[in-house]
Amino acid sequence: MGAMRRSKTRPVHDPHDHPFGVGVQVHVPEAAWGELDAWEGEPTGVIVSTGTARPDGANVPGPSGPVWVVAFDEPQYRRDGRGPFDQAEIPQSRLVAADPISDDAWPGA
């Protein structure tokens with residue numbers, strides 16, 4: 001049997017479409033100092049799975065909508081000193097998807 005070849009294709013996410021999903025690189029922008037559970041700096045990472053669902057539009061404190069589990073590029077700390085965290089559940093409303101890498105940037109493309 002021949003060796004298996006790895007596919008050089010990967011999903012491309014349209015930033016005007018729904019850019020979030022497993023495998024998407026993201027960062028958490030700087031939050032206001034009074035915001036609960038704020039992160040130190042602007043952590044970066046990759047979405048590894050869906051998180052615990054939060055009721056969209058419900059009258060509860062904090063953000064609503066989809067939640068993603070983000071594995072950080074390096075351990076991160078909360079502004080109050082808690083940590084280090086290798087990953088965390090973060091509401092989509094607090095994430096920014098990284099710009100997609102063009103196919104020209106991939107070796108062998």
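Under the condition of being assigned to a loop (DSSP other than H, G, I, E, B) and surrounded by 13 or more Cβ atoms within 10 Å (Cβ to Cβ), which residue from the stretch 89-109 is modelled with the lowest pLDDT? Applying the filter and picking the extreme gives 100. Assess whether residue 6 counts as being under 17 Å from residue 97 (Cβ atoms), basic (Lys, Arg) and at pLDDT below 90. Considered against the rule, which asks whether it is under 17 Å from residue 97 (Cβ atoms), basic (Lys, Arg) and at pLDDT below 90, residue 6 comes out as no. Which members of the stretch 52-79 meet the condition of being more than 17 Å from residue 98 (Cβ to Cβ), at pLDDT 85 or above and more than 11 Å from the chain's Cα centre (by Cα)? Answer for the stretch 52-79, where residues must be more than 17 Å from residue 98 (Cβ to Cβ), at pLDDT 85 or above and more than 11 Å from the chain's Cα centre (by Cα): 66, 75, 77, 78, 79.
The values are calculated or read from the model by the stated rules, or taken from the named source; none is laboratory data. For clarity, every value in this text was computed on a predicted model and none was experimentally measured. When we count neighbours, we look across all protein chains shown, and the Cβ atoms used for this are built from the backbone with ideal geometry, even at glycine.
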